[in-house]
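Undergrad: Shown below is the structure under consideration.
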Amino acid sequence: MVCVFLTYCSFEFLNVQPNYILLVAVFLSTFSVYSLNRLTDMEEDAVNIPERGAYVKGKEKTLLILCILSYATALLLGWFVNPVSILVLLFPLIIGVLYSIEVSPKLPRLKNIPGMKNFIVTLSWVVGAVFVPVVCYYRGFEVTAMIFYFIFIKIFVNAVSFDIRDIEGDKKSGVRTIPVLLGRSRTKYLLLGIQSTLIIWFLFVVLEGIFVHYWLIFIFSIFYGFWYIQYFSKNRKLEVFSRDLFVDGEWIILAVLCLIININFF
């Protein structure tokens, strides 16, 4: 559902009327890709989140069938709206396959390249969230590029934040994420630096006079990001899904704020 709220925010930021058929397609495709990821990452989940690994165990065939049906339905819905949207909806699956599978003995799996996991996860989310609205109506290069950068930074920070939690499981399975390579403390400072670029991004947005109705939302999101980087980078005992709620759950808050702003504006 988080990916649906993220895509909804992208529709609003780009000033494009949300297409609810495409939002359903986004939900189904994301559900499929992440469910497949649960099947391929059972070893890591057994260490990082044993409850999730235990839930999947024994349900592999059922989950695989649901994944296939979900993705097929997503592509069908995308075709009805605009055939081009199929390319956008397929992107996470294609890049996920390239990430997990050795296409050629001469080429390393993307999964084996240090830090690539964080980049792949981010790109999968951002391409869908930004270009699904663009399929409906293209607002111009500058506006699209600015939203792409904002969402890319937010999702990248989120993805690395989750990998801070998953350090032990990733080490055991040989996945060299940024936190595995740099450690918890240096990763935190890296994320704070990356997050700080959004302050410059916001100043540019203000000077250009774009996204005017959403400036308060961007300010909230930028400072909220600084908070959870600090909070979740500490080696503290947390409820298993508290990070999911507060980090990914930010997009639920932003979507609600977009809805409130639009109601008041109109």
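Undergrad: Counting residues that are at pLDDT below 90 and touching a Cys at 6+ places or on another chain (Cβ under 8 Å), which helices (runs of 4 or more DSSP H) fully inside the stretch 30-90 reach at least 1? Walk me through how you get there before you give the answer.
TA: Values: elements: 42-48, 50-56, 60-81.
It comes to none.
Undergrad: Ok, one more. I want to confirm something. Restricting to the stretch 140-150 and keeping residues that are surrounded by fewer than 22 Cβ atoms within 10 Å (Cβ to Cβ) and not aromatic (Phe, Trp, Tyr), which single residue is modelled with the lowest pLDDT? I'd like the intermediate steps shown before the answer.
TA: Within the stretch 140-150, the subset surrounded by fewer than 22 Cβ atoms within 10 Å (Cβ to Cβ) is 140-146, 148-149.
Imposing the further condition that a residue be not aromatic (Phe, Trp, Tyr) reduces the set to 140, 142-146.
Values: Gly140: 88, Glu142: 91, Val143: 94, Thr144: 94, Ala145: 94, Met146: 95.
Ranking the qualifying residues of the stretch 140-150, first place goes to Gly140.
Undergrad: Filtering the stretch 99-123 down to residues that are surrounded by fewer than 16 Cβ atoms within 10 Å (Cβ to Cβ) and either at pLDDT 85 or above or among the hydrophobic types (A, V, I, L, M, F, W, C) (or both), which residue is nearest to Ser35 (Cα to Cα)?
TA: The qualifying residue nearest to Ser35 (Cα to Cα) is Ile101.
Undergrad: Taking the residues in the stretch 146-173 that are over 14 Å from the mean Cα position of the chain (by Cα) and without any contact (Cβ under 8 Å) to a residue 40 or more places away in the chain as candidates, determine which candidate is farthest from Leu190 (Cα to Cα).
TA: Among those residues, the one meeting the criterion is Lys171.
Undergrad: Can you tell me how many residues within the stretch 174-193 are free of Cβ contacts under 8 Å to residues at least 60 places away in the same chain and either buried (at least 17 other Cβ atoms within 10 Å of the Cβ) or acidic (Asp, Glu) (or both)?
TA: Here the count works out to 5.
Undergrad: Right, another one. Output the helices (runs of 4 or more DSSP H) that fall wholly within the stretch 168-258 and possess 3 or more residues being touching a Lys or Arg at 6+ places or on another chain (Cβ under 7 Å) and of a type outside the set (Lys, Arg), or say none. Let's see the steps before the verdict.
TA: Details: elements: 178-182, 184-208, 215-232.
Once the helices (runs of 4 or more DSSP H) in the stretch 168-258 are filtered for at least 3 residues that are touching a Lys or Arg at 6+ places or on another chain (Cβ under 7 Å) and of a type outside the set (Lys, Arg), what remains is 215-232.
Undergrad: Kindly evaluate Arg165 against the criterion of being of a type in the set (Lys, Arg) and surrounded by fewer than 15 Cβ atoms within 10 Å (Cβ to Cβ). I'd like the intermediate steps shown before the answer.
TA: Working: of a type in the set (Lys, Arg): yes; surrounded by fewer than 15 Cβ atoms within 10 Å (Cβ to Cβ): no.
Considered against the rule, which asks whether it is of a type in the set (Lys, Arg) and surrounded by fewer than 15 Cβ atoms within 10 Å (Cβ to Cβ), Arg165 comes out as no.
Undergrad: Working only within the stretch 20-32, note down all residues that are surrounded by fewer than 21 Cβ atoms within 10 Å (Cβ to Cβ) and closer than 23 Å to Tyr149 by Cβ.
TA: Of everything in the stretch 20-32, just one residue is surrounded by fewer than 21 Cβ atoms within 10 Å (Cβ to Cβ) and closer than 23 Å to Tyr149 by Cβ, namely Leu23.
The values are calculated or read from the model by the stated rules, or taken from the named source; none is laboratory data. The structure displayed is predicted, hence computed values, not measured ones. All Cβ positions, even for glycine, are placed from backbone atoms using ideal geometry, and neighbour counts span all protein chains on display.
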